[in-house]
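K.L.:
Got a structure for you, written out below as structure tokens; questions coming shortly.
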Amino acid sequence: MVTEVRLLRPADTEEFAALLAANHSFLAPWEPIREASYATAERQRRDIEGLLRR
């Protein structure tokens, strides 16, 4: 098994948003308080695309 580390891509947004939502309770002690829209695919796509443009 090979593990790959890479930057998020816009194509990853659906899966990434689902992981954020599924793990919200577990990650809550270490994450800042965020608005509900943070874990949506639309928000993650916008944020990822914005960060990749930097």
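The values are calculated or read from the model by the stated rules, or taken from the named source; none is laboratory data. Since the model is a prediction, treat every value here as computed from it, not as a measurement. Positions of Cβ are backbone-derived with ideal geometry, glycine not excepted, and every protein chain shown enters the neighbour counts.
K.L.:
Of the numbered conditions (1) surrounded by 11 or more Cβ atoms within 10 Å (Cβ to Cβ); (2) not in a helix (DSSP H, G or I), residue 12 satisfies every one except a single condition; which is it?
P.N.:
(2)
K.L.:
I would also like to ask the following. Say whether the condition of being among the charged types (D, E, K, R) and surrounded by 13 or more Cβ atoms within 10 Å (Cβ to Cβ) is met by at least one residue in the range 15-27.
P.N.:
no
K.L.:
If the Cβ limit is 6 Å and pairs must be 6+ apart or interchain, which residue in the range 41-54 that is in contact (Cβ under 8 Å) with a residue 40 or more places away in the chain pairs with which residue that is in a helix (DSSP H, G or I)?
P.N.:
Final answer for the pair search is 48/10.
K.L.:
Could I ask something else about it? Select from the range 33-47 the residues that are among the aliphatic types (A, V, I, L, M) and assigned to a loop (DSSP other than H, G, I, E, B) and list them in ascending order.
P.N.:
If the condition is that a residue be among the aliphatic types (A, V, I, L, M) and assigned to a loop (DSSP other than H, G, I, E, B), then 33 is the only one that fits.
K.L.:
Consider the range 28-47. How many of its residues are surrounded by 12 or more Cβ atoms within 10 Å (Cβ to Cβ) and hydroxyl-bearing (Ser, Thr, Tyr)?
P.N.:
2
K.L.:
Show the residue pairs meeting these rules: Cβ distance below 6 Å; 6+ apart or different chains; first residue within the range 21-33 and under 14 Å from residue 44 (Cβ atoms); second residue at pLDDT below 95 and surrounded by 10 or more Cβ atoms within 10 Å (Cβ to Cβ).
P.N.:
21/39
K.L.:
Hey, residue 50 hits all of (1) surrounded by 10 or more Cβ atoms within 10 Å (Cβ to Cβ); (2) in a helix (DSSP H, G or I) but one; which does it fall short on?
P.N.:
Failing condition for residue 50: (1).
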